[in-house]
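Contents: one structure, followed by commentary.
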Amino acid sequence: MKPTPNAKTAAPLLAALSLALASAYPSAALAQSNEELLKELRALKDRVGQLEEKLKAAEQKAAAPSSAQWGMTPAQAQEFNRIAVKTEALEDSAEAMGTKNLKISGFIDPTYIYNRQNNSSSFQLLNKDAYAYDSGYFGMALIDFQKEMEGGTKWRLTLAPERGVGATFNTGSIVHEASVNIPLGDLQTRLWLGQIPDWTGYEMTLPPLNKLITHNLLFDFTAPTAYTGAALDLTRGKWLIRAGLANVNNARKSPGNKTPAFIYRVDYAKGEFQGFGFTGLHGKAYNYAADGVDANGDLRFADANGRDTRVDLLEADAYFIRGDWTVQGQISWGRQRGSAIFNEDGQLRDASWTGLSTLVGYKFIPRWEAVARMDYLRNAKNGGGLFGYSSDDSRNGLGRGGGFAWDEANPDPDTASKGANRYALTVGLNYLFNQNTIFKFEYRLDGANRAVFGNPSNGQWAKRNHLLGSSVVVSF
C-alpha cells in the first residue's frame, strides 16, 4: 500500500522538484529575477499550507468514530462498539457450539376419538396402535431440528415417538425424517438424501398443516409412507421438480430384493394462493400378500423376508385460495402386481384402485373455519387390496366384509373377487385460539357398498361407520 502524503513530506518534495527543474532547464532559472522567484516561492508556500490543512481534516475525519455520523455522543459510540464486539463474540460462540443457524420447533396433538362401529372411545396420544384409519398421525408429539450450514447445505432430523413414518416400517424407530439437502453448484439445484416422508397428495402428514383431524382415504390407503434414498431437487422459477431412486416404505431391502423404485413429484405454484402438482412411483415395493408357493404348491405368505413386486402409482392434486375460501383436490390411480386380497384358490392377482378426494374450507369469522371433505375409493377388483393392504380389514372397512371365509368344499370365486368401494364424508370446525394453538372438531361418516365394518363386541357387520373427534394442536 502506498503511504499517504502529509504536510511534512510535501515541502521537501516541492523543494527537490524545484532544484530538479533548475538542473534540467538552467537557462530558464537564470532568466527569472529574484523578485519573480520570491513570488513563486510564496505561492508554493501557500499551496503547501492549503495541502496541510486538507490532510489534517482528512486525518481527523478518519480518526472519528463512524457512529458519529448517526448523531451519537462519544459515550454512546463507545457503548455501541462494546455491543458490536459482544455480538460478534456470541456469534463466534454459537458457531463453535454448532447452534448457529439451528432452528428447533415442534408440536403436541392430544386427540379424543369416538368410533361407533369399533365400539371404542378414548384419548389418543403416542399410542402404538394406529386406532384404525391407517396410521392416522393424530395423537402425536414431535420435535424438529433444522440447521443450515455454510454454503447452503440443509440438515434435518424430526423425531416422533410411535406416530412418525419411521415407526410404521422400522420397528421401534422414533425418526420421522432424517435428511440432508446439499446444493450442487447453486441453491436451486440440490441433492436430497435420507429418510423422507411421502409427498403424495394435497394433505400433509403433520397435524398443524391439515384442516381436519383424520386424513382422506387416498392419503391413508393408496400412498406410500416414506422413502429411503436420494432425489434431485430442482427449483426453476415457479416450478419445483423432485426425482430420484429410493426404497419404498423400508429403510433397507430384504435379501433377494435389490431394485429401488423411481419416484418423482412436480409442482407449479402460481403465486402463493394457487397451484398444482403430480406424483409418480414406478418400481418394486414389498408385497404383503404372498411370497410365491411352497414345496406343496400352496401359497407361501409374506414375512420379513418377503419378495418385492412391481408397483405403479400416479396422482395429481391442486389447491386454490381466494379470500376466506380454500379448495383442494386430488385424483389417484395405482396397481401392485400379485397383491390382491383374493388368492384363496392359489392364484396371485393384481391389486388395482382409483380414487378422488376434495376439500373446501371457509373462514366465516376470522378465528373460525368450517371444513368439508369428500373421498371416494373404487376398490372392488379381486376382493379389494390397496398399497400395503392385502387382506380383509374390518376396522378400516376394506376387503370383502361380512366375515367372509373361503370354503374349500364349496368355493365361490365370484363372491371372493368382489371387494368394497369406499367413501367418506367429513365435516369439521377449527378455532384459532392464538398463534400457536388450534382447536379442531370433526364428524366423519365412512361408508361402503358392502358390509365391511365389523363390530368386535357383537360380531355384527355394517356398511357405515360414524366417528367423532376433537383435538388441540399446540406448536412452538
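The values are calculated or read from the model by the stated rules, or taken from the named source; none is laboratory data. None of these values were measured; they are calculated from a predicted model. When we count neighbours, we look across all protein chains shown, and the Cβ atoms used for this are built from the backbone with ideal geometry, even at glycine. All accessible areas refer to the heavy atoms of the entire protein, side chains included, with ligands and DNA or RNA removed. Shrake-Rupley method; radii C 1.70, N 1.55, O 1.52, S 1.80 Å.
Could you check segment 119-135 and list, in sequence order, the residues that are farther than 16 Å from residue 161 by Cα, part of a loop (DSSP other than H, G, I, E, B) and at pLDDT 85 or above? Matches in segment 119-135: 119 only.
Condition first: small (Gly, Ala, Ser), out of contact with any Pro (no Cβ under 6 Å at 6 or more places or on another chain) and open to solvent by 30 Å² or more (accessible area, probe 1.4 Å). Can you find one or more residues in segment 144-163 that meet it? Yes, because at least one residue in segment 144-163 is small (Gly, Ala, Ser), out of contact with any Pro (no Cβ under 6 Å at 6 or more places or on another chain) and open to solvent by 30 Å² or more (accessible area, probe 1.4 Å). Screening residue 324 on (1) touching a Lys or Arg at 6+ places or on another chain (Cβ under 9 Å); (2) within 16 Å of residue 222 (Cβ to Cβ) shows it passes everything except condition (2). Could we say that residue 267 is charged (D, E, K, R), at pLDDT 90 or above, within 18 Å of the chain's Cα centre (by Cα) and within 30 Å of residue 429 (Cα to Cα) here? Yes; evaluated as a whole, the condition is true for this residue.
When 104, 113 are screened for being of a type in the set (A, V, I, L, M, F, W, C) and within 22 Å of residue 155 (Cα to Cα), only 104 passes.
Look at (1) assigned to a helix (DSSP H, G or I); (2) modelled with pLDDT of 95 or more and you find that residue 243 fails only one, number (1). Quick one: in segment 190-215, of everything that is without any contact (Cβ under 8 Å) to a residue 12 or more places away in the chain and part of a loop (DSSP other than H, G, I, E, B), which residue is most open to solvent (accessible area, probe 1.4 Å)? Only one residue tops the list, namely 204.
Look at (1) assigned to a strand (DSSP E or B); (2) in contact with a Lys or Arg (Cβ under 7 Å, 6 or more places away or on another chain) and you find that residue 335 fails only one, number (2). Filtering segment 338-368 to residues that are in a loop (DSSP other than H, G, I, E, B), touching a Ser or Thr at 6+ places or on another chain (Cβ under 9 Å) and either without any contact (Cβ under 8 Å) to a residue 40 or more places away in the chain or more than 25 Å from residue 446 (Cα to Cα) (or both) leaves 338, 343, 348, 349, 350. On the stretch given as segment 329-345, residues that are closer than 20 Å to residue 378 by Cβ and open to solvent by 40 Å² or more (accessible area, probe 1.4 Å) total 4.
Just wondering, is there one or more residues in segment 402-425 that are under 19 Å from residue 118 (Cβ atoms), over 32 Å from the mean Cα position of the chain (by Cα) and of a type in the set (Val, Ile, Thr)? There is no residue in segment 402-425 that is under 19 Å from residue 118 (Cβ atoms), over 32 Å from the mean Cα position of the chain (by Cα) and of a type in the set (Val, Ile, Thr).
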